[in-house]
Amino acid sequence: MSTGQAIRIENLCHSYDGGTVTLRDVSLSIGEGEKVALIGPNGAGKSTLLLAMTLFLQPKSVEGQILIHGVEACRKNEKDVRKLITPVLQNPDEQLFMPTVLEDVAFGPLNMGLEVDQARQHAMEAIEQVGLSGLEERSPYHLSAGQKRAAAIATVLSMEPRIITMDEPDTSLDPRSRDHLIELLGSLEQTLVIATCNMHFAAKTCERAVLIDDGKVVVDGPTKELLRDEELMTRHGLETVV
Ligand SMILES: Nc1ncnc2c1ncn2[C@@H]1O[C@H](COP(=O)(O)OP(=O)(O)OP(=O)(O)O)[C@@H](O)[C@H]1O
């Protein structure tokens, strides 16, 4: 249920090193608590759009405006923006670098200035939420692909951002792990923006989908309606889901 505006993007343009144009005049509003899939073929600009929202692009390469809960996403507001919106990276290994799962999940809250006990409490809750209780002392390197994905999500949940972005979170998951992830995402109250090329995954996790191709928003609407449109899906190299 949407209670306010979480993300507002206006006329966003971006190019890498003044070369490849990746985002062309993208405008988009996402309400608080919405779960939105960014769908589109490889190279469409989905990851770049997530990087723009989470301030991971060179400021000079971006034109237009992004507001995160009313705060302009720019360098001078970096600290505030990072508290509001946090990415789960495409590769969990980039998010897990401490000796144990617990230390990894507590790292964010500690970094935000929480006392050790409080950070541990947040971490334990996040670990339970993602179904990894009992694995707190395990090295992240010794987790399965599905467990790594869950641990990476826990490192973000423990910081309690209001918005979470995820880039291809279903990559390398077997059907059972994917089902666990779908269940977990369904249980989250945060606003979620999920980039995916997997239309079945999009249909199961997000009520709304934004189709991006060649850096432009092509269509924005109910996921199931978009995915049923065979002509639209085929035109953009995507799979129809009936
Ligand atoms: N660091 C970079 N430098 C230059 N070009 C890049 C860089 N990263 C991505 N690109 C290019 O930008 C375009 C958009 O890429 P992006 O990763 O945002 O697409 P995507 O929709 O997420 O694709 P995929 O589904 O394959 O992950 C592509 O043409 C890609 O080659």
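Cβ separations smaller than 7 Å between residues 6+ apart or across chains give the following pairs from segment 39-59 residues that are over 11 Å from Gly215 (Cα atoms) and more than 7 Å from the ligand (Cβ to nearest atom) to residues that are of a type in the set (Asp, Glu) and outside any loop (DSSP other than H, G, I, E, B): Leu50/Asp167; Leu55/Glu78. Considered as a group, the residues in segment 191-213 that are among the polar types (S, T, N, Q) and outside any loop (DSSP other than H, G, I, E, B) include one that is farthest from the ligand (Cβ to nearest atom), and that residue is Thr191. Answer yes or no as to whether Lys76 is in a helix (DSSP H, G or I) and under 26 Å from Gln5 (Cα atoms). Yes.
Criterion applied to Ser158, Ser144 was being of a type in the set (Ser, Thr, Tyr), modelled with pLDDT of 95 or more and more than 16 Å from the ligand (Cβ to nearest atom), and the one residue passing it is Ser158. Counted as qualifying within segment 86-190 are the helices (runs of 4 or more DSSP H) with 3 or more residues that are touching a residue at least 40 places away in the same chain (Cβ under 8 Å) and hydrophobic (A, V, I, L, M, F, W, C), namely 101-111, 145-157.
Of the residues making up segment 25-58, just one is among the basic types (Lys, Arg) and surrounded by fewer than 23 Cβ atoms within 10 Å (Cβ to Cβ), namely Lys35. Among residues of segment 60-75 being of a type in the set (Gly, Ala, Ser) and surrounded by fewer than 19 Cβ atoms within 10 Å (Cβ to Cβ), the one that is farthest from the ligand (Cβ to nearest atom) is Gly70. Restricting the first member to segment 221-233 and to residues that are part of a strand (DSSP E or B), and the second to residues that are modelled with pLDDT of 95 or more and surrounded by 15 or more Cβ atoms within 10 Å (Cβ to Cβ), the beta-carbon pairs closer than 9 Å and six or more apart or on different chains are Gly221/Arg208; Gly221/Ala209; Gly221/Val210; Gly221/Leu211; Pro222/Arg208; Pro222/Ala209.
The values are calculated or read from the model by the stated rules, or taken from the named source; none is laboratory data. What you see is a predicted model, and the numbers here were worked out from it, not measured in a lab. With ideal geometry, Cβ positions are generated from the backbone for all residues, glycine too; neighbour counts draw on all protein chains shown.
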